[in-house]
Amino acid sequence: NAGVTQTPKFQVLKTGQSMTLQCAQDMNHEYMSWYRQDPGMGLRLIHYSVGAGITDQGEVPNGYNVSRSTTEDFPLRLLSAAPSQTSVYFCASSSGVGDHGTQYFGPGTRLLVL
Amino acid sequence: AQSVAQPEDQVNVAEGNPLTVKCTYSVSGNPYLFWYVQYPNRGLQFLLKYITGDNLVKGSYGFEAEFNKSQTSFHLKKPSALVSDSALYFCAVRANTNAGKSTFGDGTTLTVKP
């Protein structure tokens with residue numbers, strides 16, 4: 001199993017550009033989440049999904065869109081990048097059954113918005 | 001709303017000494033509590049969790065944590081610290097009724113000196 005994979009590893013954007021951060025998992029987990037990690041602020045939940053076709057907002061959703069068309073994939077879209085979105089982004093997946101929601105994280109995407 | 005507080009940004013201990021990393025939480029209903037560890041430039045890795053039952057839970061790498069319902073705490077402990085334990089530690093909580101939404105603390109940097 002590859003677990004949770006994220007692409008790209010690193011990206012530089014100019015203000016106003018758009019991009020999609022990819023996340024995929026091969027563990028058949030129903031739950032997937034996107035977090036951003038900023039120094040001194042821990043992990044903040046951006047969006048999450050409880051199954052294909054179902055998404056919900058976390059605590060910092062503004063400026064980000066998500067969709068979940070398959071169980072495996074959960075892309076995060078930045079429609080118009082801003083310097084405030086410079087961060088490290090982590091995708092995570094979990095299963096509510098058996099594993100009690102233990103999250104498995106991808107390696108992260110480091111994003112710099114100029 | 002659910003929340004997690006990790007009151008110490010940094011914990012410094014000498015190798016061989018016991019360590020404690022503190023965590024308090026707030027959540028509606030019964031809590032599911034987790035500890036994760038992050039090594040530099042890596043994603044988060046699961047250490048241990050409390051779901052129900054025995055208040056003392058044991059996890060990976062010799063770590064354990066004690067759940068205290070009256071104090072709403074879930075402190076991470078290890079009897080004898082290793083230099084290789086140096087990392088960033090996160091406490092997380094979710095309600096037992098919402099497997100998709102976890103809240104993380106701001107993290108505590110543990111430094112173990114030889």
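Could you check the range A:76-85 and list, in sequence order, the residues that are crowded, with 16+ Cβ neighbours inside 10 Å and not in a loop (DSSP other than H, G, I, E, B)?
A:Leu76, A:Leu78, A:Gln85, listed by residue number.
Please identify the pairs in which a residue from the range B:12-29 that is at negative phi and at pLDDT below 95 has its Cβ atom under 6 Å from the Cβ atom of a residue that is surrounded by 12 or more Cβ atoms within 10 Å (Cβ to Cβ) and not in a strand (DSSP E or B), counting only partners at least 6 apart or on another chain.
B:Val27/B:Gln2
Which residues, counting only those in the range A:86-114, are more than 8 Å from chain B (Cβ to nearest Cβ), of a type in the set (S, T, N, Q) and buried (at least 21 other Cβ atoms within 10 Å of the Cβ)?
Result: A:Ser87, A:Ser93, A:Thr109.
Restricting to the range A:1-29, name every residue that is of a type in the set (A, V, I, L, M), more than 10 Å from chain B (Cβ to nearest Cβ) and closer than 20 Å to B:Gly100 by Cβ. So that I can check it myself, show each step before the final result.
In the first step, residues of the range A:1-29 are kept if they are of a type in the set (A, V, I, L, M); the result is A:2, A:4, A:12-13, A:19, A:21, A:24, A:27.
If we keep only those that are more than 10 Å from chain B (Cβ to nearest Cβ) too, we end up with A:2, A:12-13, A:19, A:21, A:24, A:27.
Within the range A:1-29, A:Leu21, A:Ala24, A:Met27 qualify.
Out of the range A:30-44, which residues are more than 9 Å from chain B (Cβ to nearest Cβ) and under 18 Å from B:Pro7 (Cβ atoms)? Break it down stepwise before answering.
Step one: list which residues in the range A:30-44 are more than 9 Å from chain B (Cβ to nearest Cβ), which gives A:34, A:36, A:38-39.
The answer is A:Pro39, and nothing else.
From the residues in the range A:1-57 that are of a type in the set (Val, Ile, Thr) and under 16 Å from A:Ser69 (Cα atoms), which one is modelled with the lowest pLDDT? Give the derivation first.
Here is the first cut: in the range A:1-57, the residues of a type in the set (Val, Ile, Thr) are A:4-5, A:7, A:12, A:15, A:20, A:46, A:50, A:54-55.
Still in the running and under 16 Å from A:Ser69 (Cα atoms): A:20, A:50, A:54-55.
Details: A:Thr20: 97, A:Val50: 91, A:Ile54: 94, A:Thr55: 95.
Applying the filter and picking the extreme gives A:Val50.
So B:Asp106 clears everything in (1) surrounded by fewer than 21 Cβ atoms within 10 Å (Cβ to Cβ); (2) in contact (Cβ under 8 Å) with a residue 24 or more places away in the chain; (3) away from chain A (no Cβ under 14 Å); (4) among the charged types (D, E, K, R) except one condition, right? Which one?
Exception for B:Asp106: condition (3).
Pairs please, first residue from the range A:93-106 and without any contact (Cβ under 8 Å) to a residue 60 or more places away in the chain, second anywhere and of a type outside the set (Asp, Glu) and open to solvent by 10 Å² or more (accessible area, probe 1.4 Å), Cβ atoms under 7 Å, 6+ apart in sequence or on different chains.
Note: pairs meeting the criteria are A:His100/B:Tyr32; A:His100/B:Lys49; A:His100/B:Ile51; A:Thr102/B:Phe46; A:Thr102/B:Lys49.
When only residues in the range B:62-98 that are free of Cβ contacts under 8 Å to residues at least 24 places away in the same chain and part of a loop (DSSP other than H, G, I, E, B) count, which is farthest from the other protein chains (Cβ to nearest Cβ)?
Among them, the one singled out is B:Ser70.
Of all strands (runs of 3 or more DSSP E) completely enclosed by the range A:1-75, which ones contain at least 2 residues that are buried (at least 18 other Cβ atoms within 10 Å of the Cβ)?
Details: elements: A:4-7, A:10-13, A:19-25, A:31-37, A:43-51, A:54-57, A:64-66.
The qualifying strands (runs of 3 or more DSSP E) are A:4-7, A:19-25, A:31-37, A:43-51, A:64-66.
Quick check on A:Arg36: is it under 25 Å from A:Ala2 (Cα atoms), touching a residue at least 24 places away in the same chain (Cβ under 8 Å) and charged (D, E, K, R)? Let's see the steps before the verdict.
Details: under 25 Å from A:Ala2 (Cα atoms): yes; touching a residue at least 24 places away in the same chain (Cβ under 8 Å): yes; charged (D, E, K, R): yes.
Taking the combined requirement at face value, the residue satisfies it.
Run down B:Arg94, B:Arg42 and say which single residue is modelled with pLDDT under 95 and open to solvent by less than 20 Å² (accessible area, probe 1.4 Å).
Working: B:Arg42 fails: open to solvent by less than 20 Å² (accessible area, probe 1.4 Å).
Being modelled with pLDDT under 95 and open to solvent by less than 20 Å² (accessible area, probe 1.4 Å) holds for just one of B:Arg94, B:Arg42, which is B:Arg94.
What do you reckon, is B:Ser28 within 15 Å of B:Val4 (Cβ to Cβ), open to solvent by 60 Å² or more (accessible area, probe 1.4 Å) and either touching a helix residue (DSSP H, G or I) at 6+ places or on another chain (Cβ under 7 Å) or not basic (Lys, Arg) (or both)?
Numbers: within 15 Å of B:Val4 (Cβ to Cβ): yes; open to solvent by 60 Å² or more (accessible area, probe 1.4 Å): yes; either touching a helix residue (DSSP H, G or I) at 6+ places or on another chain (Cβ under 7 Å) or not basic (Lys, Arg) (or both): yes.
Against the criterion (within 15 Å of B:Val4 (Cβ to Cβ), open to solvent by 60 Å² or more (accessible area, probe 1.4 Å) and either touching a helix residue (DSSP H, G or I) at 6+ places or on another chain (Cβ under 7 Å) or not basic (Lys, Arg) (or both)), B:Ser28 qualifies.
Looking at the range B:61-87 only, could you name the residues that are over 15 Å from B:Leu19 (Cα atoms) and either aliphatic (A, V, I, L, M) or open to solvent by 40 Å² or more (accessible area, probe 1.4 Å) (or both)?
Start the filter on the range B:61-87 by keeping residues that are over 15 Å from B:Leu19 (Cα atoms), which leaves B:67-73.
Hits for the range B:61-87 are B:Asn68, B:Lys69, B:Ser70, B:Gln71, B:Thr72.
The values are calculated or read from the model by the stated rules, or taken from the named source; none is laboratory data. In this text, all values refer to a predicted model and were calculated from it rather than measured experimentally. Quick reminder, even Gly has a Cβ in these numbers, built from the backbone with ideal geometry, and neighbours come from all protein chains shown. Side chains are part of the model used for accessible areas, which takes the heavy atoms of the whole protein and leaves out ligands, DNA and RNA. Shrake-Rupley method; radii C 1.70, N 1.55, O 1.52, S 1.80 Å.
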